[in-house]
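Here the structure is laid out as structure tokens; the discussion comes afterwards.
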Amino acid sequence: MRAVSVNASVKYNVYISSGLIGRSGELSALVAQPCRAMLVSDERVYSLYGRAVEESYAAAGYSVDRFTFPPGEASKNLGVFGSLMNALADARYIRSDIIVALGGGVTGDLAGFAASAYTRGIRYIQIPTTLLAAVDSSVGGKTAVNLNAGKNLAGAFWQPSLVLCDTDILRDLPGDLLSDGAAEAVKYGVLRDEALFDTLAAGRLIDALDYVVETSVCIKRDLVNEDEFDTGARQLLNLGHTIGHAIESCSKYEISHGRAVAIGLYRIARAAEVLGINPPGLSARIRTALAACGLSTECGYTADELANAALSDKKRRGGMLTLIVPREIGRCELMEAPIENLRDWITAGEGAL
Ligand code: GLY
């Protein structure tokens, strides 16, 4: 079993292995003595894996309750958050009890935010069931729900006590969900690790899955250890996300997060070449790696549409923005730029060399 230790305000382990669902109760007991455990999951994921998790926790001595909700981003809202909080209160959960988040990013964010707020904070355990959640959102303690005005506008930094990545579940994912998470893994390669990047570019995601998850989590761990509250180095994790968020927004969230980040990652690398910051070559390498993971670098939106979407988001935050610019595979830089320059970057991302 691979293990990555995170040393943030809470110290915890991320375990990566096959068969972890069946051991989830036993492994949780190492960090939270058997108590009451509220399993939080969407109805689809619960129908696949919920019983196995419940049985494992019960066998380890936990008293298990269940909170399920309809699958999809639309459930990451204050209404479902409130229902979960009331479910915890109605069942008389106390601060020494735990929440178990079984699912993808929506479940982890929602359950983690409830954990941060219920009785001013209880422990929670993440069991990610998508590759994107395994390599990114389940680690690092960012929790949130969406408000009418935008995504993730209400949330907290609240670290889990344990993360269990069962690679049997990840291997069973449909190709589009694997590609979605692979985009974030390619991002980690571009940020810090050429060997990871080359593995993905060689189309070896599935046969090197444990290595890909472990290496991605290690890179995220290092950035979270350095900058848990996202005021400095952790911003590197937003590589590809400025244009990616604009694509998600233009598509009314029909284009998934990973696919949008893939396009954003390629476009920012290309812009750096078109603007003369990098010599040509890097963006083509990134496009090849993304294609090997089933990810396109094309979207149907013009540079103007993307710039308008990105600027309407960024204008709320003041006059400067931080761009994350790849300089070579394994090395990226944070670059401060006036918000007004964002349109030039997005246009350059479509430009000819
Ligand atoms: N997903 C970006 C971060 O955790 O900071």
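Some values worked out for this structure:
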{"read-out": "Volume per residue that the Cα convex hull of the range 24-131 spans, once the total is divided by residue count, Å³", "value": "85"}
{"read-out": "Ascending count of other beta-carbon atoms within 10 Å, so fewest first, for Thr107, Thr322", "value": "Thr322, Thr107"}
{"read-out": "Nearest-ten-degree value, helix 209-226 long axis tilted from longest Cα axis of the chain", "value": "80"}
{"read-out": "Theoretical ellipticity at 222 nm over the chain - DSSP helices of four or more residues, -39500 (n - 2.57) apiece, nearest 500", "value": "-12500 deg cm²/dmol"}
{"read-out": "Karplus-derived HN-Hα couplings along the range 258-269 (A = 6.51, B = -1.76, C = 1.60, θ = phi - 60°), whole Hz, x at Gly and Pro", "value": "x, 5, 5, 5, 4, 5, x, 5, 5, 5, 6, 5"}
{"read-out": "For the range 201-320, the fraction of alpha-carbon pairs in successive 10 Å shells from zero, as %", "value": "12, 34, 40, 13, 0"}
{"read-out": "Ranked Val100, Val217, criterion: other C-beta atoms within 10 Å, fewest first", "value": "Val217, Val100"}
{"read-out": "Leu162 long-range amide H proximity, modeled H, under 5 Å", "value": "Gln126"}
{"read-out": "Under-5 Å amide H pairs with Ala154, H placed in peptide plane, nonlocal only", "value": "Val145, Leu147"}
{"read-out": "Derived scalar couplings ³J(HN,Hα) [the range 288-296; Karplus, 6.51 cos²θ - 1.76 cosθ + 1.60; whole Hz; x for Gly, Pro]", "value": "5, 5, 5, 4, 5, 9, x, 10, 8"}
{"read-out": "Two-decimal Rg to Rh for the chain - Kirkwood Rh, Cα set", "value": "0.97"}
{"read-out": "Choice from Thr68, Thr242, Thr215 showing the highest fluctuation, given a GNM over the chain with Cα pairs closer than 10 Å", "value": "Thr68"}
{"read-out": "Packing-based exposure ordering (other Cβ within 10 Å, fewest first) of Glu73, Glu336, Glu328", "value": "Glu336, Glu328, Glu73"}
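Taken together, the values in this text are just the output of simple stated rules run on the coordinates, not laboratory data. The structure presented is a predicted model; accordingly, all values stated were derived computationally and were not measured. Note: ideal-geometry Cβ built from the backbone for every residue, glycine included; neighbour counts use all protein chains shown.
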